[in-house]
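Since every read-out is calculated from the coordinates, none of them should be taken as a lab result. Owing to the predicted nature of the structure, the values given are computational and were not obtained by experimental measurement. Glycine gets a Cβ as well: all are built from the backbone with ideal geometry, and neighbour counts include every protein chain shown.
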Amino acid sequence: FVSATYEPIAAKVVGRLGQKNALVRATKVVERDFFVEGFAGPLMEGRRKAIEVRKISRELRVPFSKFVAIGDGTLDAQFIRRVVDAGGLGIAVSPNPSLIANSKAQLVLQKTNFGRIWREVEKFRQVF
């Protein structure tokens with residue numbers, strides 16, 4: 001799971017999607033007393049997501065065709081498109097027109113719907 005959101009939030013999203021052993025690569029933050037004080041690494045956005053997805057693919061020896069890419073911003077188009085071009089699943093959530101035009105996402109949701117996302121991921125996983 002690669003996300004631009006903060007690690008604690010990303011971990012909750014992974015849990016909502018029913019993934020217990022997911023690898024999470026997200027924006028690391030410094031927290032104190034439930035407040036975010038700053039970043040503890042690079043922001044996980046756009047190009048950085050594409051780099052992390054490539055690293056995960058190499059480390060786990062999993063081809064992009066088995067990836068699911070979910071994004072909500074224009075900068076996510078690159079990594080969604082890379083996954084879709086390889087035969088993986090691309091999902092655009094609350095997207096702007098640029099993301100829709102440039103990502104090739106097969107599923108476009110106007111709002112975050114974890115149930116729908118999970119159903120689509122499960123359908124995709126059944127293929128493998």
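Could you give me the ³J(HN,Hα) list for the stretch 52-63, computed from phi with Karplus coefficients 6.51, -1.76, 1.60 and θ = phi - 60°, whole Hz, x at Gly and Pro?
So the Karplus estimates, Gly and Pro as x, are 5, 5, 4, 4, 4, 4, 5, 4, 8, 6, 10, x Hz.
Report the gain in length on full extension from D85 to F114: 0.36 nm times residue separation, minus Cα-Cα distance, nm rounded to one decimal.
Working: separation 29, 0.36 × 29 = 10.44 nm, distance 2.40 nm.
Using 0.36 nm per residue and subtracting the Cα-Cα distance, I get 8.0 nm.
Can you list residues whose amide H is under 5 Å from G90's amide H, if they're 5+ apart or on another chain and H is modeled 1.01 Å from N?
Amide H to amide H, under 5 Å and 5 or more residues apart or across chains, G90 pairs with A69, Q106, L107.
For N96 and S65, what does the FRET efficiency come to when R0 = 25 Å and r is the distance between their Cβ atoms, rounded to the nearest 0.05?
0.40
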